[in-house]
1. Do we find that residue 372 is at negative phi, buried (at least 20 other Cβ atoms within 10 Å of the Cβ) and touching a strand residue (DSSP E or B) at 6+ places or on another chain (Cβ under 8 Å) in this structure?
2. I'm trying to understand the selection: among the residues of the range 364-390, which are farther than 19 Å from residue 305 by Cβ, assigned to a loop (DSSP other than H, G, I, E, B) and in contact with a helix residue (DSSP H, G or I) (Cβ under 6 Å, 6 or more places away or on another chain)?
3. Is at least one residue of the range 342-351 assigned to a helix (DSSP H, G or I), surrounded by fewer than 19 Cβ atoms within 10 Å (Cβ to Cβ) and in contact with a helix residue (DSSP H, G or I) (Cβ under 6 Å, 6 or more places away or on another chain)?
4. For the condition within 16 Å of the ligand (Cβ to nearest atom), surrounded by 13 or more Cβ atoms within 10 Å (Cβ to Cβ) and modelled with pLDDT of 95 or more, what is the one hit in 43, 60?
5. Any residue in the range 92-103 that is within 16 Å of the ligand (Cβ to nearest atom) and over 30 Å from residue 244 (Cβ atoms)?
6. Could you pull out the residue among 367, 381 that is within 24 Å of residue 20 (Cβ to Cβ), buried (at least 22 other Cβ atoms within 10 Å of the Cβ) and either at pLDDT 95 or above or touching a strand residue (DSSP E or B) at 6+ places or on another chain (Cβ under 7 Å) (or both)?
Ligand SMILES: Cc1ncc(COP(=O)(O)O)c(C=O)c1O
């Protein structure tokens, strides 16, 4: 039985997969079982920021895999300590909790926000406001936080204490605030919702609101962080810092790792025993992630992401001027979207046949999240093909 038949027979049918199995990746390229080569404009859904099998990451994984893979969080290890201190050095945060995925990092953030106020004796302050069209994960708490009904259907009743307001609407947010709200949680650039960046004034106003009402501000940078938008963390582009931030996806360049970062004050919400996970911050995952942060956190690297992203966006805008089917071009850095009048699926399939991997979200939107090392001439190839198909 081949890999496709075996998967379809034995794995839960929760994913609609393209009908090919991949066997190899290198840089921005992937190869399928038949030896066909593809340019990857999705990077495993914004995960392989440094491309496939980056030599430095492979070396870090190999070295750590032959030294120490796991001991549990009952003990100390150097890679975890190094990654935590590096993340704090590169961000607003003072402390890091390591998890294994984005949803788990967000679970930690939700729990921290609630416990921060419970510890202060404010037992009624447990509500979290999130945004419509947001996506925060598939566990029950993160599903409750997510602002998209279609993902929640069939799982009710969800967790109490979450409400959603329209994104980029400060009045709607202000109207929801009362003394029961402990946190506001948002993606500075909404990913799954359709690549929708926060308005700079809005993000500033949200920060001010949180300061005035003493509410914790949580940024979910699981998709838009780690260099994806042209800064190590997307909120740096806005000059607005949160109290808590979550990371995952590109942090491990493919190794599963999530992280919740917090200020010293917010971090006081957790004590010994408040939260835990067996695999969080293994030496293997953190050794890989440390190398990722070292490479992506470099100014020259990030300047190039911004320049390449700008070029890509301009080329997409030219398509918009030329083709009436293109409704909008959005995004920051190398997290970009082309909104069509209908049927993104057709383009995803046709481009796949031609050797380009992209994906469609919200039915009409083509999402581009290539490895951050993509070059202009590779973008040109995609644009040429899109131009032809449109
Ligand atoms: C913004 C955001 N938050 C959370 C998640 C959930 O991450 P994971 O799939 O690793 O649980 C995702 C995944 O797409 C995401 O884009």
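The values are calculated or read from the model by the stated rules, or taken from the named source; none is laboratory data. As the structure is a prediction and not an experimental result, all values here were calculated from the model. Cβ: placed from backbone, ideal geometry, glycine included. Neighbour counts: every protein chain shown.
1. no
2. Across the range 364-390, the qualifying residue is only 364.
3. Among the residues of the range 342-351, at least one is assigned to a helix (DSSP H, G or I), surrounded by fewer than 19 Cβ atoms within 10 Å (Cβ to Cβ) and in contact with a helix residue (DSSP H, G or I) (Cβ under 6 Å, 6 or more places away or on another chain), which makes the answer yes.
4. 43
5. Looking through the range 92-103, none of the residues is within 16 Å of the ligand (Cβ to nearest atom) and over 30 Å from residue 244 (Cβ atoms).
6. Checking each option against the conditions leaves just 367.
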